[in-house]
Amino acid sequence: MIDLDKIRACIFDLDGTLVDSMWMWHSIDVAYLEKFGLECPDDLQHEIEGMSFTETAVYFKNRFFLPDSIEEIKHDWEEMSLDKYRYEVFLKPGAGDFLKSCKSRGIRMGIATSNGKKMVETVLSSLGIAGYFDSVVTACEVSAGKPKPDIYLKVSENLNVIPSECLVFEDIPAGIMAGRNAGMMVCAVEDDFSEKMKKEKADLADQMIRDYRELMK
């Protein structure tokens, strides 16, 4: 079990981990590909797992032979997501209480996400939690996406906390592996979207939770 008394920093993935938003990205993928007369393949989410926002756009362009530029693809996704992030995406169970608890304990907090900066800023602002985080890093700001450890190492550096004293929260195997590869403890967060990966996540992580308040007992 994870002992928060031994943790000096908590680093959160965003989608499916801190906020309940994976449903949104599936609907965006379906709607986006429909514009080009294409169906969303069943293996898509597995293939893009852990990729940065830019890496995902490159993958889409190459796999689906899209005529748009990488920047145009990213812009379209951003526009399709912003209103959902503002009005339809909420915190995972217990996350708000956990953030308050970490702050009261003096635990530093950061975000390490594959998402674009504007989308991250939008959802953190709409949920009123931006002030909890001392560092927000997107995978486009480092050399490689998850499962490479780069993004988690960057956040820990920004927080001035050594990796062994950091606790990572993730919802997918590639992210859990990224935290592990960074030399950090990892707590897997259950998510309906990744239910089929539940055993793999449990095997990789130090602990798995459905509600953040489980760590506050």
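Checking each residue in the range 75-98 for being within 16 Å of the chain's Cα centre (by Cα), within 21 Å of residue 175 (Cα to Cα) and in a helix (DSSP H, G or I) picks out only 95.
Residue-by-condition table, conditions (1) under 18 Å from residue 21 (Cβ atoms); (2) within 15 Å of the chain's Cα centre (by Cα):
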site: 159; (1), (2): no, no
site: 172; (1), (2): yes, yes
site: 181; (1), (2): no, no
site: 186; (1), (2): no, yes
site: 199; (1), (2): no, no
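Of all residues being of a type in the set (S, T, N, Q) and outside any loop (DSSP other than H, G, I, E, B) in the range 126-146, which is surrounded by the most Cβ atoms within 10 Å (Cβ to Cβ)? Just the residue, please. I'd like the intermediate steps shown before the answer.
First, the residues of the range 126-146 that are of a type in the set (S, T, N, Q): 126, 135, 138, 143.
Add one more test, that the residue is outside any loop (DSSP other than H, G, I, E, B), and what stays is 126, 135, 138.
Details: 126: 17, 135: 19, 138: 23.
Checked the range 126-146; the qualifying residue surrounded by the most Cβ atoms within 10 Å (Cβ to Cβ) is 138.
Among the residues of the range 59-118, just one is of a type in the set (S, T, N, Q), more than 15 Å from residue 16 (Cβ to Cβ) and surrounded by 15 or more Cβ atoms within 10 Å (Cβ to Cβ), namely 101.
Being part of a helix (DSSP H, G or I), closer than 22 Å to residue 98 by Cα, in contact (Cβ under 8 Å) with a residue 24 or more places away in the chain and out of contact with any Phe, Trp or Tyr (no Cβ under 9 Å at 6 or more places or on another chain) narrows it down to one of 123, 155, 161, so name that one. Lay out the reasoning, then the answer.
Numbers: 123 fails: out of contact with any Phe, Trp or Tyr (no Cβ under 9 Å at 6 or more places or on another chain); 161 fails: part of a helix (DSSP H, G or I).
Of the residues listed, the single one that is part of a helix (DSSP H, G or I), closer than 22 Å to residue 98 by Cα, in contact (Cβ under 8 Å) with a residue 24 or more places away in the chain and out of contact with any Phe, Trp or Tyr (no Cβ under 9 Å at 6 or more places or on another chain) is 155.
Just to check your reading of the model, which residue among 37, 16 is surrounded by 15 or more Cβ atoms within 10 Å (Cβ to Cβ), modelled with pLDDT of 90 or more and of a type in the set (Gly, Ala, Ser)? Checking each option against the conditions leaves just 16.
The values are calculated or read from the model by the stated rules, or taken from the named source; none is laboratory data. Note that the structure is a prediction, hence the values are computed from the model and not measured. All Cβ positions, even for glycine, are placed from backbone atoms using ideal geometry, and neighbour counts span all protein chains on display.
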